[in-house]
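The values are calculated or read from the model by the stated rules, or taken from the named source; none is laboratory data. Note that the coordinates shown come from a computational prediction; the quantities given were computed from them, not determined experimentally. Note: ideal-geometry Cβ built from the backbone for every residue, glycine included; neighbour counts use all protein chains shown.
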Amino acid sequence: MHGHEPETPPPPIERPALAARGRVAALFGDLRAALAGGHRDYTQERLGRAIWMLAIPMVLEMVMESIFAVVDMFWVSHLGPDAMAIVGITESMMTMVYAVAIGLSIAATAVVARRVGEKDADGAATAAVQAILLGVVAAAILGVIGAILAPHLLQVMGAEPSAIALGGSFTRIMLGGNATVFLIFLINAVFRGAGDASIAMRTLWLANLFNIALGPCFIFGWGPFPELGVAGAAVATNTGRGIGVLYQLFSLARRSRQLTIRRRHLRIDRAVMRNMLRIAGDGIGQLLINTTSWVGLMRLMAPFGSVALAGYAVAMRVVMFAILPAWGLSNAAATLVGQNLGAKQPERAEQAVWTAARYNLYFLGAVGAVFVVFAGPIVRLFPGGAEMQAFGATSLRIIGIGFPFYAYGLVLSSAFNGAGDTRTPTIMNLFCFWLWELPLAWVLARSFGFGAQGIVVAVAVAFSTLAVVSVIMFRRGSWKSKRV
């Protein structure tokens, strides 16, 4: 008779595997919480978690905003080159509207974040109301001017008479209805400052859904909708954004939100409004400097022909889509700076910025490496001929090399804005883009004979210079004492 054999002991618990599963579960839990939104105290939350909880919805919000222009161009492309030209020219004119709207949005985020950090709910609500009032006034002024002068503006921009006849109404509707742009930008900035980025994200999802659904209906007259042609794209876009604004206003009135507006807040506060205009003035300057330097670069590139222009445009379009997550991290840093300064925690505010910059470095460093190695296959996804693709690939590699620098430049610039110190990044942009980038591009392209590639090198050098200067200025710490 055999003796009782001992049972085989269970295998030991693999602690590393359990720990990994736990981290994955925690990651998905944070993702769900970030998308759900709700009240959180980001002045006390662990910094790494706080950054990602803010950045995830901010990234998705920016993706939705970028889809607006893509959807419009897709449907309008079925109407021919004149219609596409009108959309492109109008979008270039809308950059002025965006500059003012984003400048006011920077101020709104900075002031609201500071009041939230101070636990001053009434002050945050009052600041939100002043931002909205300023946006309505600015939109009304620009809207009246744009609607009246739309055909003349198109002529100045070089549009063909046939294009103006076909799509002049598109420009009039877009410029005249710019209030939807102002309000959706401003109120989303208010939510981001309050740390409720999920509402800003859902606003763009909702607006985009209606824009995508209504675009072909108004353009081609599907079902009961009138056939408006290219003007239908403007109607759909403004309708979608308008619905998004209504959702924002509803959210601001809800008592369960991080920031709630009540009837007592609906008044003009001249002191708050003046403070916001002071901050916004430099913020608008930042955008205008960036926009005009971009126009200057395109003007320098133009003599080298359509191949160079097209290749550079393709490379920059790829870059802009690739860095959307980086903008999300930058906006998260701005919110954390404002709230922690309001909570009298300047060292935590600085730590948040360096942490966000480090995360950004990991991301953009990886993206830059992909661009350097796979620039050719990426650019070949865009038709345009071998010559254009070759120059586009070269441009993408040159710009990709500088991505580790851009990672810090993006976050630090946003951090200054979040602290309400909009003047410092404005001066840095003026130096790096107007006084350094444009002259360097001309010298490299003309004097040193590098041609169009010299202009691309100047872009990479300028953004890398901005990053270095930003680090130097940020370390000085004067932004910590900025009153907002």
TODO: Consider ILE243 carefully, then state whether it is among the aliphatic types (A, V, I, L, M), modelled with pLDDT of 95 or more and surrounded by 14 or more Cβ atoms within 10 Å (Cβ to Cβ).
DONE: yes
Open item on the list: Consider the range 106-125. How many of its residues are closer than 16 Å to LEU259 by Cα and buried (at least 24 other Cβ atoms within 10 Å of the Cβ)?
Closed with: 11
Open item on the list: Go through (1) in a helix (DSSP H, G or I); (2) under 30 Å from MET273 (Cα atoms) for LYS119 and report which single condition fails.
Closed with: (1)
Open item on the list: Give all pairs with beta carbons closer than 6 Å in which a residue from the range 203-227 that is not assigned by TED's automatic domain parsing to the domain that holds PHE182 meets a residue that is among the polar types (S, T, N, Q) and modelled with pLDDT of 90 or more; count only pairs at least 6 apart in sequence or on separate chains.
Closed with: none
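So which of ILE102, ILE89 is under 16 Å from the mean Cα position of the chain (by Cα), in contact (Cβ under 8 Å) with a residue 60 or more places away in the chain and in the same structural domain as PHE191 (by TED's automatic domain parsing)?
Just a single option satisfies the conditions, and that option is ILE102.
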